[in-house]
C-alpha cells in the first residue's frame, strides 16, 4: 500500500521500493547474508503453531525501559531547535503533514494507526527458529536464532501469524516482550510458516539498560528507519484509561516530506531518498505541541494524547503514512470504542503550526557504517 523500505544496492543511483505499510528506512549497502539458509537452530521437534483462539498475555509496554530513557524524557521545557521555525514553515508550505502525497489518505491531518500488536512472552511461549531473508539488513542484529511466538497473537496488519507480507503488502512488524529476561523482540517484514519465522530485520532490545542518545550505535538501523525501538513509542487504549502516556509518540510522515541522508538523536539512521530539502524534517526530529495550545475543549482521551505531545513530543521514526502509532486494542483490557475515539479523524484540526521542534543537536550524515556501541 505504501512504500516502506527502499532497497539500495551498493552505491548505484538505483532505488527499488518494496511494498509496505508505514515506513521508509533504507537497506544498508552491506546486506547480512549469514543464516539465510543455514545456521538457524532447528528444534528436534518442530514447534506447534500457536493457536489464534487463545487470548495472549500482553502489556502496554509503557515503562518497560528504565527511568532516564531518552524516549521517556520530559521535553516540555526543552530548548527549541535552531531550525524549528524553518522546518515548521517548510512543512506548512508543502502539505502540512503531507497532504495529497498519499493517494489513499486524501486528508490534511494525521491519523492514529492501530495496526500494531504488542505481545508478551510467558513461560509457555515457544521460541521458534528465526531465519533471515536474503535481503536481511546488515545493521540489524545478526545473532538472532530464535524468536518468541505467543499463542493468540499476530503480526501487524493481520490478526494471526499468517504470511503477512505475502498477503497484505504491509510492514508486518512482530513485537514480543520477554519481561522475565528484559528483552524486547522486534521484527520487520515478518512471515511465519513451516514452523519458523523469516524476517528482513530483527532487533532485540535490552530493557534493563538506559540506552545512550545514539541507541544501538550511530548508522545502525532497526525495524524503523530511525533506528529507534518502535514499540516503545506506541500508546494503548489502556494508557488512555489510566489517564496518562509516559513517553514520546511514534510519528510517521510520507517519504517525500523527510530530509534525506541526515538524522539527529535519538535517531541513529535515516533514508537516502527522496527529499533533499534543507529545511524539511529530519529523522529523529522531536515535535512538541505548543504549551499555548488549548486542550480544554477536547475529550478526556484526547487530552491524554495531547498532553503527551506537550510533555514528551512526537519522534519522527519512520516514513510512509501520516500518523501517530498506537497498539491494537485486541491485546488490551480497554478498547478505543470506550472513549468514542475515531482514530481516523481524532487529530483533525491539529496542524504543523501548532507544533515546534525541540533541539536535536548535531546533524549526523548517513554513511551506513554501523558500529554497535555495545548496547
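The values are calculated or read from the model by the stated rules, or taken from the named source; none is laboratory data. Bear in mind that the values here come from a model prediction, so they are computed numbers and not experimental data. No Cβ is skipped: glycine too gets one built from the backbone with ideal geometry, and neighbour counts run over all protein chains shown.
A few points about this structure:
- Evaluation of residue 277 against (1) in contact with a strand residue (DSSP E or B) (Cβ under 7 Å, 6 or more places away or on another chain); (2) modelled with pLDDT of 95 or more; (3) outside any strand (DSSP E or B) (one fails), failing number: (2)
- Boolean, residue 77 is farther than 22 Å from residue 224 by Cβ and outside any loop (DSSP other than H, G, I, E, B): no
- Remark: residue 335 matches the filter, which requires a residue to be surrounded by fewer than 21 Cβ atoms within 10 Å (Cβ to Cβ), within 30 Å of residue 206 (Cα to Cα) and either at pLDDT 95 or above or over 19 Å from the mean Cα position of the chain (by Cα) (or both).
- Those residues of the stretch 227-253 which are in contact with a strand residue (DSSP E or B) (Cβ under 7 Å, 6 or more places away or on another chain) and either part of a loop (DSSP other than H, G, I, E, B) or free of Cβ contacts under 8 Å to residues at least 12 places away in the same chain (or both), in sequence order: 228, 229, 234, 236, 245, 248
- Odd one out for residue 119, checked against (1) over 30 Å from residue 369 (Cβ atoms); (2) at pLDDT 90 or above; (3) in a loop (DSSP other than H, G, I, E, B): (3)
- Taking strands (runs of 3 or more DSSP E) as the structural unit, those lying wholly within the stretch 301-375 and holding at least 2 residues that are over 25 Å from residue 83 (Cα atoms) and touching a residue at least 40 places away in the same chain (Cβ under 8 Å) correspond to 323-327.
- Every residue from the stretch 350-373 that is under 19 Å from residue 222 (Cβ atoms) and buried (at least 18 other Cβ atoms within 10 Å of the Cβ): 360, 364, 366, 368, 370
- Lone qualifier among 143, 157 - being assigned to a loop (DSSP other than H, G, I, E, B), in contact with a helix residue (DSSP H, G or I) (Cβ under 9 Å, 6 or more places away or on another chain) and at pLDDT below 95: 157
- Filter result (modelled with pLDDT of 90 or more, closer than 18 Å to residue 152 by Cα and not in a strand (DSSP E or B)) within the stretch 180-204: 190, 195
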